[in-house]
Every structure is written in structure tokens, then in C-alpha cells.
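Below you'll find the structure, written out as C-alpha cells, and then a few comments.
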Amino acid sequence: MSLLSLLPRRSERPTYLSPVRSEPEPSSGSGVAGSVGIVKTHSFHFAEPPDELTLECGEKLGPITVAYETYGTLNDEKSNAILIVHALSGDAHAAGFHEGNEKPGWWDDMIGPGKGFDTDKYFVISSNVLGGCRGTTGPSSINPKTGKRYGLDFPIISISDMVEVQKHLTDHLKIDRLLSVAGGSMGGMQALEWLTRYPDRLRSALVLASTAKHSPQQIAFSEVGRQAIMADPHWKDGHYYGGPPPAKGLAVARMVGHITYMSDISMAEKFGKRFGKEKPHKFSADSEVEDYLHARGNNFVKRFDANSYLYITRAIDSFDLSRGKDLYQVFKGINAKVLVLAFKSDWLYPAPQSREIVRACKLAGVDTTYCEIDSTYGHDAFLLEVDEETHLIKHFLQRVFYQQGTGGAYEVKEYEI
Amino acid sequence: MKSNSSQSDSRADTRSDYRVILEWIASGSSVLDLGCGEGELLALLVKEKGVRAQGIEINEQAIYKCVARGLSVFHDDIDHGLSEYADRSFDYIILNQTLQQVRKPDEALREALRVGHEVIVGFPNFAHYLARVQIFFRGKTPVTPSLPYEWHDTPNLHFLSISDFVEYCRKRKINIGKSAFISDKREMRIFPNVFAETGIFLISNVTG
């Protein structure tokens, strides 16, 4: 029973937050805060044979290429580095613009001068995950042993393998201790994995709309996506490179995904209309929501590899931070501070999963802050509730940054973002 | 309810109940504030006593303020907030101006005494003479400086007096370590059940 919930609750938003945005799509990042401008993706190579990386599954993989971008400047003490870790379909391009491209990075709303991850203060690193298809080694990369693309010869990867690769990248960048590792959804899992795997290599972790373990419901949606890909005749047991890709299957997988990223309310607000117009055939798209899902699906196949989708969803599904123990035991002895954010209408990564993380942190005595943000955007909220996240993340990072070494109190004198 | 934030360092500006609590809490201890609001008290305790502070608050907007103050806070209610903790997780649990608003104060106190070595409870005194006068002569639900609400908009679910609380502690074998009574923003000691607007107690289990 909620006891304090009987306190008067204000439904209106606080004055220090700007009005609710009506457009539930990642914006172009315009606003008072600035952009990091034109950026480039870099590559880092490691694990050259015979020093291949041993994966969690026991297999070896190498060489490995990591695509990454950086924004802002690393300070002399190397104490201001933040690693941004992306979700299922993300990539290294988190902020700014690529030359000749008008579309900003996937988290441009949050990364830049004066933004939540303030590049005037912090050095932000973002890399594409292992198994991805946007510059980091994955199933669509060339297998040096055969000279052909890996396809299903690519080994099964896990969230901890992704983190292991990121750790090599931070070694390469000569950063002993990250100020923070931050991510939403699958990014949150990587942040949690960092926290428990390398607790002395980070000062804080930001876990947004995530979980310590995938639930049967989450696995079920992943499996529908995987089955759609594998049922596509073009998939050919993963060896479709050189021919047409399993685009229909991947598009359906993405459509299912997008359904789970929204909420009943956000869908109703966004897709009110039915067309009732002339159609090529009886079952052509007849409503905005169908059009939207088709567009999303069709866009996705242009930038994403179907095999990567299989490998990465498998990695998410098998994620279990506790590894069979009581969850609080894996958090014991961790000095890093943790910020956990959940969103009320997120039914894919519902708040109770975040609470489970918070409960374990509590029992383990980890310094933790938890906020359940009132949002109607569903799981997408972690990309859309920019004002709330900016406020919380900015102040949280400030505190972690200024408490370095001193352990003393840090008081922020203002509320304004 | 809690007043707006004061940015001043001046002690004179510090709320009198906060001053009492500041005095009672040992430097460097661990403190859990249940219903910490916007985190004013916890921020003071961090600054002046170097405590390891944790807040629990149900109001999302208040949490934004707490985070801006550099505090760690859980978005939660008192039930969840306490039951998930192991015994003796904190040196102090604070229930300041929240006990009268929880649905089951008895349970909340028992849990607080389990999770904390000591518990600080502050509440408005329903037997303040102004309340007595209003009930007796006007026949109306009292509205006083420490009970500023009309009957229809009050967040308070329980109305207790200082004598009620002392009797409760005696019956439950709860040890009252310290007490303070506040009237007109000042500490006072004479006939507190009549003249104090607010009572603050430091309690612990007798066996603990």
C-alpha cells in the first residue's frame, strides 16, 4: 500500500521544466543547448591473432574492429570521460552530424554543449556494440579464416562480451576510470554489466528503462522478431550476403519492436486517423499506425543487418546480471553511484524491473537514486523525456564529478537546468 | 507543509525543527529520511554533519529538487522504502512531519525501529491550546500554525498529541532518548502538550 502517496500530488509539470513536447519522435536536437557539430566515426582494432578475445561462450574472436566517436575534450586528469552505450539498434553515432547528413546522432538531444551530457565539461565516448553492423565487428564482417562474411559462423555473443570490447576501447584511449557509463534499454544492461564487472573502472552508472534480466515476455517479443527473419526465404541460414537480404523478415521484426516501444496512449495520440481511401488491394495499410510501422520497418532494413539483429537480441535475452545468485550479492562492495530511471508507461521494460535493481542496490548498500518518470511515451520515453532526464543526469553527473577524491558533500545552489 | 528552500547559510533561517534534528544527529552517521520532500533537511545534514544521506520520497517533482541538491533519493513510498532494508541499515531514520500522514503509523514506526538504530519522529501536536480552543468554543476542526489545513484538504490521516505519543511509546516499550517541543519557532519545555505546536522525539527499541 502506498502510504505517502496520500500526499497531495501535483499533476502539472514543474516550472523549471519546459512544456510537454507534442512530437513523440526524437527531435533534431534544436533548442538552447548546442550541437557538437560535424563528427567522424573512428575505428580501433585489437585482438589480432594469436591474441584473440575469448568470449563468454568460450570461443575466440579476432581481430576485432570497434567503431566509435568522441565528443568534447578529455581533461588532463582523464577524469571526465563518460561512455555512452547504445540500445538494440543504435550505433556509435550518438551526437552531432556526419558530413553531408542532416540527421543527428541517436542521442543528440542529450549529448552536446550545455546538454545533459555536457560536452563543455565531459569527454563523451560512444561505440557500436560487438555483433553490430555499423562499423564494429559482427556477423556481416569478413571472417579472416575464410575471406567471406561470418554469417552464422560468428560466435554467440553476450552483453559481457560487448562490455569487454568497450573496456579494451577505454584502455586504448588510456582512461583508467570512467566518470560514468550510461545507457537505456540494452544500454542499461551494459551499464549494469560494467558496474559489476569493472566496479573500479567507473565512478557511476546510469541505467535507464532497463532490467537486470530479460523476462519471458521480453524474450517472447525478441523471438517473434527472430522467427520473422528466419522465415524469410532470403535469409538462407544467414548466408544471404551477396544476394538479396531477408528484408521482409527484418522489417516485420522491427515492426514488432516498434509496437513494444510505444504505449497505448502514445499510439492513440500519434495515430488517430484511418484512411478509408482507395487502396491497391484489400489489406493494404489503412491507418496511420500501419503506415508508420511499414515506414519504420522499411527504413530499418536499409541500415541494419538481419544477422546482427539475431545475435544482439540473443545477447539481450540471455542477459542475467545475477548469474544465479541473489541480485544484491553482485552489487556488494561497489563504490560507484547509481542512477536508475524508469518510465511509467514503459511496458516492455516496466518499472518493477528497475525497482528490482534498486532493491538489490539498497540491500548491498550502493549509493543509488531512483526516479520513475511520469511519461506516456512507453519504452521510447528514454529517448524522448529529454527535459526530465537532462535535469536528473546533469545534476547527478555534477555531483559524481565534484565528489571525486574528496568524498565530501557537494551542494548545487540552483535548480535551473 | 515544508517551507520553500532557503539558500542562506544563516542558522537563523534554519527551521527550528531542523535545528533540533541537526543537533541530535552525530557527525558522519548514516541517515534515511522517510518522506524527505525536497531534501532541505538532508542537504543540511550532509553539509553540517557530513552524514551519509538517503531520502525516500513519493513525489516526482520533489525528487528533481533532491537530485539538484546532490542527494541520493528513492522514488518510493514508506512501505516499500523500509521493508526492503536489512535490520540496522542506518544510524538514524527520520520521520519528520510524515508519521501523521502514513496510513499505518504503528507499522511504519515498527519498521523504522527495525531498520534504524534510532528513529527521529516529528509531528504536529493536536492538543495545542489553539486547537483545543477551536474545538471547544467554535466546535470546528482546528486550523493552527502546525496544522494549517482545512478538514477537506489535509494530507494528515492521524491526529495525535504529544501525550498520545509518549503513552504509545510507554505501551510499546519504546525508549524515548530525547524530546524537544517547538512553539512559535522556538524550543520550549513548559506544558508541551498544551503549548507546543510540534513535538520531536528520538526513540529506539529498549532492547536495542
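Look at (1) under 21 Å from the mean Cα position of the chain (by Cα); (2) surrounded by fewer than 20 Cβ atoms within 10 Å (Cβ to Cβ); (3) not in a loop (DSSP other than H, G, I, E, B); (4) not acidic (Asp, Glu) and you find that residue A:124 fails only one, number (2).
State which residue is surrounded by the most Cβ atoms within 10 Å (Cβ to Cβ) when the search covers only segment A:127-158 and only residues that are part of a loop (DSSP other than H, G, I, E, B) and among the charged types (D, E, K, R). Show your work before the answer.
Let us first name the residues in segment A:127-158 that are part of a loop (DSSP other than H, G, I, E, B), namely A:128-141, A:144-147, A:150, A:154-158.
Those still in the list that are among the charged types (D, E, K, R) too: A:134, A:145.
Details: A:134: 21, A:145: 9.
Only one residue fits best here, namely A:134.
Tell me which residues, restricted to segment B:26-36, are surrounded by 24 or more Cβ atoms within 10 Å (Cβ to Cβ) and more than 9 Å from chain A (Cβ to nearest Cβ).
So the first thing to find is which residues in segment B:26-36 are surrounded by 24 or more Cβ atoms within 10 Å (Cβ to Cβ), and the list is B:31-36.
Within segment B:26-36, B:31, B:32, B:33, B:36 meet the criteria.
Inspection of segment A:10-19 finds no residue satisfying the criterion of being surrounded by 12 or more Cβ atoms within 10 Å (Cβ to Cβ), out of contact with any Ser or Thr (no Cβ under 9 Å at 6 or more places or on another chain) and at pLDDT 95 or above. The lone criterion from (1) in contact with a Lys or Arg (Cβ under 8 Å, 6 or more places away or on another chain); (2) crowded, with 21+ Cβ neighbours inside 10 Å left unmet by residue A:209 is number (1).
Apart from one condition, residue B:82 fits all of (1) more than 7 Å from chain A (Cβ to nearest Cβ); (2) at pLDDT 95 or above; (3) touching a helix residue (DSSP H, G or I) at 6+ places or on another chain (Cβ under 9 Å); the exception is (2). A count restricted to segment B:22-60 and to residues that are in a strand (DSSP E or B) and either polar (S, T, N, Q) or at positive phi (or both) stands at 2. The single condition among (1) touching a Gly at 6+ places or on another chain (Cβ under 9 Å); (2) at pLDDT 95 or above; (3) over 25 Å from residue B:76 (Cα atoms) that residue B:174 does not meet is (1). Looking across segment B:149-183, the residues that are over 18 Å from residue B:119 (Cβ atoms), within 16 Å of the chain's Cα centre (by Cα) and within 14 Å of chain A (Cβ to nearest Cβ) come down to B:155, B:156, B:157. Within this structure, residue B:195 fails the test of being surrounded by 13 or more Cβ atoms within 10 Å (Cβ to Cβ), at pLDDT 95 or above and touching a Ser or Thr at 6+ places or on another chain (Cβ under 6 Å). If I filter segment B:61-79 down to residues being assigned to a loop (DSSP other than H, G, I, E, B) and within 18 Å of residue A:337 (Cα to Cα), which single residue comes out as farthest from the other protein chains (Cβ to nearest Cβ)? Residue satisfying both the conditions and the ranking: B:71.
Can you confirm whether residue A:273 is touching an Asp or Glu at 6+ places or on another chain (Cβ under 6 Å), surrounded by fewer than 23 Cβ atoms within 10 Å (Cβ to Cβ), free of Cβ contacts under 8 Å to residues at least 24 places away in the same chain and of a type outside the set (Phe, Trp, Tyr)?
Taking the combined requirement at face value, the residue satisfies it.
Considering only residues in segment A:341-378 that are surrounded by fewer than 24 Cβ atoms within 10 Å (Cβ to Cβ) and under 17 Å from the mean Cα position of the chain (by Cα), the one that is nearest to the other protein chains (Cβ to nearest Cβ) turns out to be A:351.
Would you point out the residue of segment B:93-104, among those that are more than 9 Å from every other protein chain (Cβ to nearest Cβ) and buried (at least 23 other Cβ atoms within 10 Å of the Cβ), that is farthest from residue B:160 (Cα to Cα)? Ranking the qualifying residues of segment B:93-104, first place goes to B:93.
What's the total number of residues in segment A:35-63 that are outside any loop (DSSP other than H, G, I, E, B) and closer than 13 Å to residue A:172 by Cβ? Please lay out each step first, then the result.
Applying the first criterion (outside any loop (DSSP other than H, G, I, E, B)) to segment A:35-63 yields A:38, A:42-46, A:53-54, A:60-61.
Filter again for closer than 13 Å to residue A:172 by Cβ, leaving A:42-46.
Selection size over segment A:35-63: 5.
Could you list, in sequence order, the residues of segment A:324-380 that are among the charged types (D, E, K, R) and assigned to a helix (DSSP H, G or I)? Matches in segment A:324-380: A:355, A:356, A:359, A:362, A:380.
The values are calculated or read from the model by the stated rules, or taken from the named source; none is laboratory data. None of these values were measured; they are calculated from a predicted model. When we count neighbours, we look across all protein chains shown, and the Cβ atoms used for this are built from the backbone with ideal geometry, even at glycine.
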